[in-house]
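What follows is a short report on a single structure.
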């Protein structure tokens, strides 16, 4: 595809449930980022993949959050035992070249935890 | 921790007036990027500045990177309704994979 895609676009879940959010980066982009954006705030870094490995997961808020990228392309962000405070837009971005290159963002997944 | 402060949080202007947003970092940045996010949309890359004192222009938009590489600004001349959105700066610290984001400045055009 032409850009980064994310599914689902919206996810409503109940407190305590498990959710998976998917990101399809631009073909050929080796770097992939997950961010979380709350209303009125800038994106908050969660995790960065270079290829299949998580090069930096220091932004994950706690051990309920986990992300994988098993084949170096599609990535899944997994949230266990969701809490109301997890409600936000989860953005994925991919990058082709060095770390200073442009990041291309997907449309995001709006997660609402009731 | 590492922070990028961005002001103002909001700016209301009449169409045709100018708009400016400022970013300041607590540490030296290796580069700074600017993004625009339309209401309901996702951040879209506008430009990257790398050199100390660099100035770049895109039509009515002027981007500056400070001499100390700790601050940056975006100035829009003669705003139009299509300029509405939130403008974010984001910078890389040396040897860091993370893009540190400002909180954004929301440009609102008064009717």
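Since every read-out is calculated from the coordinates, none of them should be taken as a lab result. Keep in mind that this is a model prediction, so the values were computed, not measured. Reconstructed Cβ throughout: ideal geometry from the backbone, glycine too, with neighbour counts over all protein chains shown.
Is there a simple number for the mean count of other chain Cβ atoms within 10 Å of the Cβ of residues in B:32-40, and what is it?
Mean shielding by partner chains, rounded to a whole number: 2.
Taking every residue in A:35-45, how many Cβ atoms of other protein chains lie within 10 Å of its Cβ, on average?
For peptide A:35-45, the averaged partner shielding equals 5.
I need the fraction of alpha carbon pairs in chain A separated by more than 26 Å, rounded to a whole percent.
Within chain A, distances greater than 26 Å cover 12 percent of Cα pairs.
Sorted from fewest to most neighbouring beta carbons within 10 Å, what does the list A:79, B:108 look like?
Lowest count first: B:108, A:79.
Each label point is 7 Å from the Cα along the Cα-to-Cβ direction; what then is the distance between the points at residue A:110 and residue A:76, in nm?
In this crude label model, residue A:110 to residue A:76 measures out at 2.5 nm.
Of all the C-alpha pairs in the range B:1-103, what % are more than 24 Å from each other?
Roughly 18 percent, rounded to a whole number.
If you stretched the chain out fully between residue B:5 and residue B:24, how much longer would it get, using 0.36 nm times the residue separation minus the C-alpha to C-alpha distance?
Additional length available on full extension: 6.3 nm.
Using a Gaussian network model on chain A with a 10 Å cutoff between Cα atoms, which of A:102, A:82, A:52 fluctuates the most?
Taking springs between Cα atoms under 10 Å, the residue moving most is A:102.
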